[in-house]
Amino acid sequence: MYEFIEGTIAELTPAYVVVQTGGIGYYIHISLNTYTQLAESDKNNKHLPCKVFVHHVVREDAQLLFGFFGLHERAIFRLLITVSGVGSNTARMILSSLGTTDIQKAIAEGNVNILKGVKGIGLKTAQRIIIDLKDKIGVDGIANENFFQVNNTIKDEALSALVTLGFSKSAIEKVLDKLLASKTDISVEELIKQTLKNV
């Protein structure tokens, strides 16, 4: 739904940033990596213009925005939340503890111990992350960012169609993310059919 929010930093902490634009302040959850980069670009609290790429999470009890300084970190975040048992906050914790390069390297090399070093990540979750994502991380350890940008449109169209059919957005969004992460070339029609089989 949202690609990025551009404005000025009204408030910045290691856990969240408030970006002010058009008279509205957007409360955005961030990783320590994004905090460091935003703090570096906003030295002396000059409230300089900033651009935060976002991922919109819709739950029954809340709508949350997770923000990223760059597309690369968001791509890794979106890969992580396709793994069963890894929610948005857990993915943010992983990104805060390790950073994108370390995460990619751990997954590509099958290094369970690095992932287990993150607070709240046990052996089974670490193994699941590696098994589910190893094929989605390139041999050079770089996630395919273009894949996510192209598939945003496909996901939005499928989501809109399924919501029109009466499905709950929160119930189908994660199914769509998993299907898009596992299928590199899929049409909107096929995505809708596959989602209906997995809801």
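Just so it is clear, none of the values below were taken in a lab; they were calculated from the coordinates. Worth saying up front: this structure is predicted, and the values here are computed from it rather than measured. FYI the Cβ positions are ideal-geometry reconstructions off the backbone, even for glycines, and counts take in every protein chain you see.
Exposed loop sites were defined as trypsin sites (Lys or Arg not before Pro) in DSSP loop states (anything but H, G, I, E or B) carrying at most 13 other C-beta atoms within 10 Å; in the chain the longest segment without such a site runs 120-182. For the range 1-98, GluC sites (Glu not before Pro) meeting the loop criterion (DSSP other than H, G, I, E, B) and having at most 10 other Cβ atoms within 10 Å: Glu60.
In Å, what Kirkwood hydrodynamic radius results for the range 10-84 from the alpha-carbon pair distances?
This gives a value of 13.0 Å.
By the beta-carbon count within 10 Å of each Cβ, the least crowded to most crowded order of Leu196, Leu12, Leu179, fewest first, is Leu196, Leu12, Leu179. Spin-label pair Gln20-Asp135: with each label point 7 Å from Cα along the Cα-Cβ axis, the two points sit 4.9 nm from one another. Ordered by the count of other Cβ atoms within 10 Å of each Cβ, fewest first, Thr195, Thr153 give Thr153, Thr195.
Given in Å, the Rg to one decimal and the Dmax to the nearest whole number for the Cα atoms of the chain are 17.1, 53. Amide H to amide H, with H built 1.01 Å from N, Glu11 comes under 5 Å of Val18, counting only residues 5 or more places away or on other chains.
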